[in-house]
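**Q** Take this structure first; my questions come after.
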Amino acid sequence: MNLNDAKAKLESLGQSHLLRYFDELDSTEQDALLDQIEALDPTLLDVFASFRHEGDAQRGKLEPLGALTLSDIAESRDRFENAGLDAIRQGKVGAVLLAGGMGTRLGFDKPKGMYNIGVTRPLYIFECLINNLLKVVEKAGAYVPLFVMTSEKNDEDTREFFEEMKFFGYNPEYVHFFVQDMAPAVDPDGKILLEEKGRIATSPNGNGGWFSSLVKAGFLPLLQREGIEWLNIFAVDNVLQKIADPCFVGATLLSGCECGAKVVAKADPEERVGVLCLEDGAPSIVEYYEMTDEMITRREPDGTLSYNYGVILNYLFRVDKLTALMNDNMQVHVVNKKVPYIDESGALQKPSSPNAYKFETLVLDMIHMQKSCLSYEVVRGREFAPIKNPDGVDSVVSARALLEENGVTL
Ligand code: UTP
């Protein structure tokens, strides 16, 4: 894009301030800024305008959704596991590691997966995940193709680390990296921020864009060629989770549902976790802050909470369903965050409280785009040890304790 086109685009969007320092930049920086302006998605500004007027989108009619419980699963374990192992051996199952997040709460300046949670030996978060996946590979006698989503901010570090660590014993031929998209940040008036004089402030656009980014990176032909029908999506930070878990895969396949979600029974009614439920008859996830008191305390005749099953960001999706939905717009969430920016005098400001808004799509919204979802209960202490913070709840400290309880040497 040339300067005149950039000026015209920005003027029509009310964002001409982005060129305020253009004359101070060298030609490489100027070109990079023009590229960013060309890539700017104007619809995000419309999203922000309606967010300012109407707030978040309204929810439909919410109703509880039960789960295939631990005892249901125990009764059919062999049948489920055999079906899952068959599908894995036939190459029908891939896994997608969502590792494009910024991990700001952990406060670690490298990709979160590079964090060493070992005590007497190095043990990296990525290593824990690969170890978990290798158990399935051994059992099935077949590799599970692994797609790793990174962002512009951590792609190089992530790839180099996998190389350096020799893929933690995984066969590199089965590991594919792809980069997610970025989105700009705006101030409360909807003005896009600069993080440098020649750089728009951007951050990863949430974990909901993983499938379109995977396709954009050119992996759809590979999925089709290899006959990969199901993708198991999982977060980088749960070091205990089972990936491509044959029992979960088999149960979902045999259920006939369009997708599957691993869930844990809530520790208490107030637990801050997104709950799998029905919204206007389709599967959906309601966030803890969206639940009314009536929903939080409602119980079934047997005494269990009606909205009982929290999601742990471990889902199975069908590739054909995702491909069909690819052009449907996903909901864009507007989130209030701290974003460093260049002020009108050209000085860098580092705010101590949220000053800006970012745009994110979320993988959990993909659940609502499917007609049916198998809610599959797992044992919290065996499969859920998320690392969000350095200490306290969902932290390095709590995850270490859980790993030890599960026999992992730290
Ligand atoms: P979180 O919601 O914990 O976000 O991500 P985060 O950015 O990693 O961490 P904080 O909030 O800044 O502390 C849940 C999962 O989704 C991935 C993360 O890497 C993690 O596996 N994710 C999140 C992405 O892949 N891309 C994103 O844009 C956001």
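The values are calculated or read from the model by the stated rules, or taken from the named source; none is laboratory data. Predicted model only: the values in this text are computed from it and were never measured. Methodologically, a virtual Cβ is constructed for each residue, glycine included, from the backbone with ideal geometry; neighbour enumeration extends over all protein chains shown.
**Q** Which of the residues belonging to segment 295-332 are at pLDDT 95 or above and of a type in the set (Asp, Glu)?
**A** Matches in segment 295-332: Asp320 only.
**Q** How many residues are within 16 Å of the ligand (Cβ to nearest atom) and closer than 30 Å to Ala49 by Cα when one looks only at segment 153-186?
**A** Of the residues in segment 153-186, 8 are within 16 Å of the ligand (Cβ to nearest atom) and closer than 30 Å to Ala49 by Cα.
**Q** Can you find a residue in segment 111-121 that is over 30 Å from Ser255 (Cβ atoms), charged (D, E, K, R) and at pLDDT below 95?
**A** No - not one qualifying residue is present in segment 111-121.
**Q** Give the residue, chosen from Pro111, Pro122, that is closer than 24 Å to Asp391 by Cβ and either crowded, with 19+ Cβ neighbours inside 10 Å or in contact with a Lys or Arg (Cβ under 7 Å, 6 or more places away or on another chain) (or both).
**A** None of the other options fit; the residue is Pro111.
**Q** Of everything in segment 243-277 that's within 16 Å of the ligand (Cβ to nearest atom) and among the charged types (D, E, K, R), which residue is modelled with the highest pLDDT?
**A** Lys262
**Q** Those residues that are within 24 Å of the chain's Cα centre (by Cα), surrounded by 13 or more Cβ atoms within 10 Å (Cβ to Cβ) and among the small types (Gly, Ala, Ser), I need them from segment 6-57; list them, please.
**A** Ala39
**Q** Can we say Ala87 is within 22 Å of Ala235 (Cβ to Cβ) and crowded, with 19+ Cβ neighbours inside 10 Å?
**A** Considered against the rule, which asks whether it is within 22 Å of Ala235 (Cβ to Cβ) and crowded, with 19+ Cβ neighbours inside 10 Å, Ala87 comes out as no.
**Q** Quick one: what pairs do we get from segment 283-297, first residue over 26 Å from Gln370 (Cβ atoms), second assigned to a strand (DSSP E or B), C-beta under 9 Å, 6+ apart or different chains?
**A** Between residues of segment 283-297 that are over 26 Å from Gln370 (Cβ atoms) and residues that are assigned to a strand (DSSP E or B), the close pairs are Thr297/Leu305.
**Q** Another one. Within segment 303-319, track down each residue that is of a type in the set (A, V, I, L, M, F, W, C) and either under 19 Å from Ile387 (Cβ atoms) or surrounded by fewer than 21 Cβ atoms within 10 Å (Cβ to Cβ) (or both).
**A** Leu305, Val311, Ile312, Leu313, Val319
**Q** Tyr341 passes all but one of (1) away from the ligand (no atom under 16 Å from the Cβ); (2) among the aromatic types (Phe, Trp, Tyr); (3) closer than 28 Å to Ala83 by Cα; which number fails?
**A** Checking Tyr341 against (1) away from the ligand (no atom under 16 Å from the Cβ); (2) among the aromatic types (Phe, Trp, Tyr); (3) closer than 28 Å to Ala83 by Cα, the one that fails is (3).
**Q** Can you give me the ranges of the strands (runs of 3 or more DSSP E) entirely in segment 167-213 with at least 2 residues that are in contact with a Phe, Trp or Tyr (Cβ under 7 Å, 6 or more places away or on another chain)?
**A** Of the strands (runs of 3 or more DSSP E) lying wholly inside segment 167-213, those with at least 2 residues that are in contact with a Phe, Trp or Tyr (Cβ under 7 Å, 6 or more places away or on another chain) span 175-179, 194-196.
**Q** A follow-up question, please. Quick check: anything in segment 65-78 of a type in the set (Gly, Ala, Ser), closer than 28 Å to Val137 by Cβ and not in a helix (DSSP H, G or I)?
**A** Yes, segment 65-78 has at least one match.
One line per residue, one yes/no per condition, for (1) among the β-branched types (Val, Ile, Thr); (2) under 16 Å from Leu194 (Cα atoms):
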| site | (1), (2) |
| --- | --- |
| Ser16 | no, yes |
| Tyr21 | no, yes |
| Asp31 | no, yes |
| Val47 | yes, no |
| Gln58 | no, no |
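**Q** Okay, next question. Thr150: surrounded by 17 or more Cβ atoms within 10 Å (Cβ to Cβ), near the ligand (Cβ under 10 Å from one of its atoms) and among the hydroxyl-bearing types (Ser, Thr, Tyr), yes or no?
**A** Spelling it out, Thr150 is indeed surrounded by 17 or more Cβ atoms within 10 Å (Cβ to Cβ), near the ligand (Cβ under 10 Å from one of its atoms) and among the hydroxyl-bearing types (Ser, Thr, Tyr).
**Q** Can you give me the ranges of the helices (runs of 4 or more DSSP H) entirely in segment 272-389 with at least 3 residues that are within 30 Å of Trp230 (Cβ to Cβ)?
**A** 319-325, 364-368, 380-383
**Q** Using beta carbons and a limit of 9 Å, which pairs, at least six apart or on different chains, have the first residue in segment 1-27 and farther than 20 Å from Glu344 by Cβ and modelled with pLDDT under 95 and the second one of a type in the set (Val, Ile, Thr) and outside any loop (DSSP other than H, G, I, E, B)?
**A** Met1/Ile37
**Q** Given the condition within 30 Å of Thr292 (Cβ to Cβ), in contact (Cβ under 8 Å) with a residue 24 or more places away in the chain and hydroxyl-bearing (Ser, Thr, Tyr), answer yes or no: does some residue in segment 71-80 qualify?
**A** No, segment 71-80 contains no residue that is within 30 Å of Thr292 (Cβ to Cβ), in contact (Cβ under 8 Å) with a residue 24 or more places away in the chain and hydroxyl-bearing (Ser, Thr, Tyr).
**Q** What residue, of Glu127, Glu138, is in a helix (DSSP H, G or I), closer than 23 Å to Asn406 by Cα and free of Cβ contacts under 8 Å to residues at least 24 places away in the same chain?
**A** Criteria check complete, one pass: Glu138.
**Q** If you take the residues of segment 350-400 that are among the basic types (Lys, Arg) and crowded, with 17+ Cβ neighbours inside 10 Å, which of them is nearest to the ligand (Cβ to nearest atom)?
**A** Among those that are among the basic types (Lys, Arg) and crowded, with 17+ Cβ neighbours inside 10 Å, it is Lys388.
**Q** Condition test on Gly101, is it surrounded by 20 or more Cβ atoms within 10 Å (Cβ to Cβ), in contact (Cβ under 8 Å) with a residue 40 or more places away in the chain and either over 30 Å from Glu290 (Cα atoms) or away from the ligand (no atom under 12 Å from the Cβ) (or both)?
**A** Considered against the rule, which asks whether it is surrounded by 20 or more Cβ atoms within 10 Å (Cβ to Cβ), in contact (Cβ under 8 Å) with a residue 40 or more places away in the chain and either over 30 Å from Glu290 (Cα atoms) or away from the ligand (no atom under 12 Å from the Cβ) (or both), Gly101 comes out as no.
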